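I have placed the structure first, in the form of structure tokens, so that the comments after it can refer back to it.
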Amino acid sequence: MVCVHPRGLANAIIPLRDAIEEGIDFWHGQYWNSANQMLESVVGLENIPKLLTHHNHHCLDKSDWREYSGLNEMTEWGCEKLRQKHEHVYKIPHGIDLDRFKYIDEYPPKHDVPTIGYVGRVVPWKNLDKICKAAKKLGYKVVGTGYVDKPDYWEKEIKQYVDDGTLDFVGGIGRSAMCPVNIKDELYSKMDVFCMYSTGEKESGTLPLLEAMASGVPVLATEQGMARDLISHNKNGIIFDDDTFETELSRVMKDVGLRKSLRKKGWNTVKHNSEQKMARDYAKTYYDIIWNGQPVVSVIIPTYNRFTKLIDTILSVDSDDYPAKEIIVIDDNSDDETKMACQKLKKEIKTPLLYLNTERDGYNLAMARNMGVVESLGSVLLFLDDRFELKGGLEHISQVPNGEWHWGKKIINGSASTKRSFIENFSWIKKKDFVAGGMFNERITCYGGMSQITREQYNGKVEFIYDEDATAIEHLRARGDKRKDIWKAKEIIAKLNT
């Protein structure tokens, strides 16, 4: 079990104490100050593998961070700083909901006054006052949203621009006064440009920078946070400083062609910065820390209406001593209790288990395996059909060399199989080699021919090697059991609980 605590300490200590008592495998802190306080307050947390994510640059020198197993930063600049102190530093950039922030087709916006966009907290180091000052001088407007985090700054430096009509700001004092999400999202369509004027190394993002680029709004940014990694000046955005801001803003506003070019290239830059990719990167990091960098084996198990046998297959993988593994079950649209069995097993076994469903009728073995590969997080793939039980060798499997596709020894009716031609149903290969070879041919939609087609497809790309150092026992003959399983849910639960 992984426990992630948000930025902030309130209401987090008691749930974390409860989680430690129940037994957690990993803890992820989201802000250095509250994370350190948690370490001081919660007994036992010091013994659990930990990742700390830094959300701004100005705190990187506060400690050597040795109490954490790993550190995460969103930028290369931040990672380089942390690498001077810690040997396990990960770079996981922010991701956003790319279905929510879609490219705006109609551009530029239809309004009389050129408009600059601002999204975020109102704090001095985001320099909304400087944006408004330049806008007023040049005859532009500013549309903004967020919340006022520093009321004194708002009263002394910002409110004047609301009063004279330069700034149209939606939001009030305190986090609870932020405007509704739909209003914020719609605001991007009203911007001719988006401006991120952050200073003082207090950013790792910002998320609004990604949202604007994904929405097709041309961006101007200081060389802070993710802007350092994302923006190439005059190509997919504009980089400015205090001395050049007004000049660059005026230049971009006057050049519609430049703005259209910037917005297209900006979108192309962030089109892969999805929340899903960020989540996968975090999951890989968790695996790397928990298992001390050992190669992760993703066990791909396609199945169809064999949930009782599938249970034995899954348990055989879980019982193998090699820890760095995950199980991915791909159900080819079974109509038995396969899904329920996987849901129950997921809670009972120590190995991470993911259940997928092809949701298609017919014979979709190739598609099922490929789905599992796409969702896998390991560097090594083990293809193990649901009619086999793994009987040792997972650590050996994890060390498969580059450019080789191994298949293992099968015990059938108590004896080792004499067949020595490659069959993929108990085989392993590096993920990068499998993907480079084109994956399984999904045009094969009936039983037979998969191994032959795969041999021909990968001939010259990998070396096929028979390997007796990993063994599987066949507990069901291929095509030999067409009966529907008759086990009921209560019998499954009873088996899993013994």
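Per DSSP H run of at least 4 residues, take -39500 (n - 2.57); add these up for the chain, divide by its residues and hand me the 222 nm value, nearest 500 deg cm²/dmol. Mean residue ellipticity, 222 nm, calculated: -9500 deg cm²/dmol.
Rank-order 395-402, 296-303 by packing density, defined as the average count of other C-beta atoms within 10 Å over each peptide's residues, highest first.
On the way: 395-402: 16.9, 296-303: 25.1.
The most tightly packed comes first, giving 296-303, 395-402.
Restricting the calculation to Cα atoms, the range 407-462 yields a radius of gyration followed by a Dmax of 12.7, 37 Å. Each peptide among 372-382, 338-348 gets the average number of other Cβ atoms lying within 10 Å of its residues, and from highest to lowest they stand as 372-382, 338-348. With the charge dipole of the chain set up from +1 on Lys and Arg Cβ and -1 on Asp and Glu Cβ about the Cα centre, the Cα lying farthest toward the positive end among the listed residues 257, 160, 86 is that of 257.
Computed over the chain, the range of Cα coordinates on each principal axis works out to 87, 54, 44 Å, biggest value leading. The fraction of all Cα pairs in the range 292-496 landing in successive 10 Å bins from 0 to the largest distance is 9, 38, 39, 13, 1, 0, given as whole percents.
Spatial offset of the range 29-75 relative to the range 249-310 amounts to 24 Å, using the alpha carbon center of each. Placing +1 on the Cβ of every Lys and Arg and -1 on the Cβ of every Asp and Glu, with no other charges, gives the chain a dipole of roughly 960 debye about its Cα centre.
In this structure, the residue pairs whose Cα-Cα separation is over 30 Å, taken from 409/430; 202/264; 284/347; 91/431; 50/184; 126/254, are 50/184.
Computed from the coordinates by the stated procedures, all read-outs in this text should not be read as laboratory data. Bear in mind the structure is a predicted one, so any value in this text is a computation, not a measurement. Backbone-built Cβ (ideal geometry, glycine too); neighbour counts: all protein chains shown.
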